[in-house]
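Asks: First, the structure itself, so that you have it in front of you.
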Amino acid sequence: MLPPARILLIGGGQVGVNAALRLRSRLRPGEAEVTLVDPTSYMTYQPFLAEAAAGAIDPRHVVVPLRRALPGVRVVQGRLASLDQSGRRAHLVLPSPIHQGAPTTELTLPYDLLVLAPGSVSRILPVPGLARHGIGFRSVAEAVKLRNHVLTQLDAASSTRDPEVRQAALTFVFVGGGYAGVGALAELEDMARHAVGHYHNIRPEDLRWVLVEAEKRILRETEPQVAERTTADLRERAIDVRLGTRLAAVTDEGVVELTDGSRFAARTLVWTAGVRANPVLKQTGLAVDAQGRLRCDTHLRVLGTDRVFAAGDCAAVPDLARPGETCRPNAQHAVHQATVLADNLLATLRDQPTAEYRHELRGSLTSLGLHMGVAQLRGRSLHGRPAWLLHRAVHLRRVPTWERKARVLSDWLLAGLTGREMVSLGELEEPRAGFEQLLDESP
């Protein structure tokens, strides 16, 4: 009897989790062992980050614990360091169990079939001052930090008598007009507008929200008329949308400088200007395109290999629905590619023909705050409450595991009855600060 085949999945995002779920349900007993590797022990459901930041969903509920969701799958917390293609071995670096800065542990895992799906990371440009003052929006930690930060700025503005400090605290700048940036800004603006009702000296019109987009339109994934309608909706909410404009610099004093010549002080700068393929792919020795994505064929197989596959944001997969182009790096493609990927892994194990990946995008949608949203479906556009309800229905269906679906739904129902959670817990970011202060003050 042959030993079980070894399937190794690098990446615990949409592709890794959905592919593992499908493999677990379709593998025959003893046919293969599945191992999933990721730097964290959970998958983040990115479309819910904006609502987590705005207090509509508990941040714990936008993540899926890998070990709980994938019984029977070996989960290894670590990152890919290098790849030995000839020997079919992946070399990993594991996090230190002691403290940050301690020597790392290495682990080598053999494989028979390999899937590379480490996803993407924020695309950060060399803008002066950005690294020091900017806040990203790719993780739950960043979403929680942003909510705490916004609410803290409201507290600061309410307490100060300095008009310049007050104005800087009430100015919020978002760079990047894609779905992530627009959704995050709109959700937080809606949250802040409701929050100021609890302050005696701050009015909604005192808040200044600025959206900076380098292109001539926002939401490039949609039809132009949808982007125009969304821009108009944001401007009706007094949001300053700057099109064809880039962030030029951020001074040490926190003054934001834009390429249109404007300068203003802001204590909040959120960077959502796109993503790029995970740089770990450069260490694999496999073929990548100009954007750093793995070159794949229509069967999701990495070019030049026969037992290495890739999917998701890190894979340049030919889009059969748009000849001459590759699949866009979005969640919709990732979910559908995961299904084809799992089936092709099984077909390879069983010496059966693999299938091509072909999927026509059905549309795109995002929430713009409570009862507000925008959606495009097969040439039709929706706005307002219908789009908002559709956004929630679609993503509730897509989030993995019934347990997470139930938790998200309960959060929505509770928020509908009691309102958003608007508590700033900035101490969570530095939990030892109070303890260290006591040590400094002790005799």
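Asks: If you stretched the chain out fully between residue 24 and residue 74, how much longer would it get, using 0.36 nm times the residue separation minus the C-alpha to C-alpha distance?
Replies: Gain in length upon complete extension: 16.9 nm.
Asks: Quick check: from the Cα gyration tensor, does segment 148-268 come out rounded (a/c under 1.5), prolate or oblate?
Replies: oblate
Asks: Still on this structure, I have one more. Could you give the distance between the Cα centres of segment 271-314 and segment 5-42, to the whole Å?
Replies: Centre-to-centre distance over Cα atoms comes out at 18 Å.
Asks: While we're looking at this one, here's another question. Take residue 265 and residue 403, extend 7 Å from each Cα along the Cα→Cβ direction, and tell me the distance between the two endpoints in nm.
Replies: Placing both labels 7 Å along Cα→Cβ, they lie 4.9 nm apart.
Asks: So who's got an amide H within less than 5 Å of the one on residue 81, skipping anything under 5 residues away but keeping other chains? H placed 1.01 Å off N, in plane.
Replies: 91, 92, 93
Asks: To check you understand DSSP bridge types, tell me what percent of the beta bridges within segment 290-436 (both residues inside) are antiparallel, rounded to 5.
Replies: Percentage antiparallel, nearest 5: 85.
Asks: A further question follows. Mean 1/r over all different Cα pairs, inverted: what Kirkwood radius does segment 2-52 give, in Å?
Replies: 12.3 Å
Asks: Something else now. Using modelled backbone amide H atoms (1.01 Å from N, in-plane), which distant-in-sequence or interchain residues come within less than 5 Å of residue 288's amide H?
Replies: 295
Asks: Would you please give the FRET efficiency between residue 282 and residue 389, computed as 1/(1 + (r/R0)^6) with r the Cβ-Cβ distance and R0 = 56 Å, to the nearest 0.05?
Replies: That pair, residue 282 with residue 389, gives E of 0.85.
Asks: Specify the angular offset, from 0 to 90 degrees and rounded to the nearest 10, of the alpha carbon long axis of helix 140-159 from the longest principal axis of the alpha carbons in the chain.
Replies: The angle comes out near 0 degrees.
Asks: Determine, at each q value in 0.15, 0.16, 0.19 (inverse angstroms), the log₁₀ of I(q)/I(0) that the Debye formula gives when each Cα of segment 58-202 is one equal point scatterer.
Replies: With one equal scatterer per Cα and no solvent, log10 I(q)/I(0) is -1.01, -1.08, -1.27.
Asks: Please turn the phi angles of segment 249-261 into ³J(HN,Hα) values with the Karplus equation 6.51 cos²θ - 1.76 cosθ + 1.60 (θ = phi - 60°), one per residue in order, whole Hz, x for glycine and proline.
Replies: Result, ordered by residue: 5, 10, 6, 4, 7, x, 8, 8, 10, 10, 6, 7, x Hz.
Asks: Further, regarding this structure: Starting from the Cα coordinates of segment 223-271, work out the convex hull volume and express it per residue in Å³.
Replies: Expressed per residue, the convex hull around the Cα atoms of segment 223-271 is 97 Å³.
Asks: By its C-alpha gyration tensor, with a ≥ b ≥ c as the square roots of the eigenvalues, how is segment 1-129 shaped: rounded for a/c under 1.5, else prolate for a/b larger than b/c, else oblate?
Replies: Note, shape of segment 1-129 comes out oblate.
Asks: Rounded if a/c is under 1.5, else prolate if a/b beats b/c, else oblate: with a ≥ b ≥ c from the C-alpha gyration tensor eigenvalues square-rooted, which is the chain?
Replies: Values: a/c = 1.84, a/b = 1.52, b/c = 1.21.
Since a/c reaches 1.5 and a/b is larger than b/c, the shape of the chain is classed as prolate.
Asks: Using the number of other C-beta atoms within 10 angstrom as an exposure proxy, rank 190, 162, 297 with the fewest first.
Replies: Least to most surrounded, the residues fall as 162, 297, 190.
Laboratory data are not the source of any read-out in this text; all were calculated from the coordinates shown. Bear in mind that the values here come from a model prediction, so they are computed numbers and not experimental data. All Cβ positions, glycine included, derive from the backbone under ideal geometry; neighbour counts span all protein chains shown.
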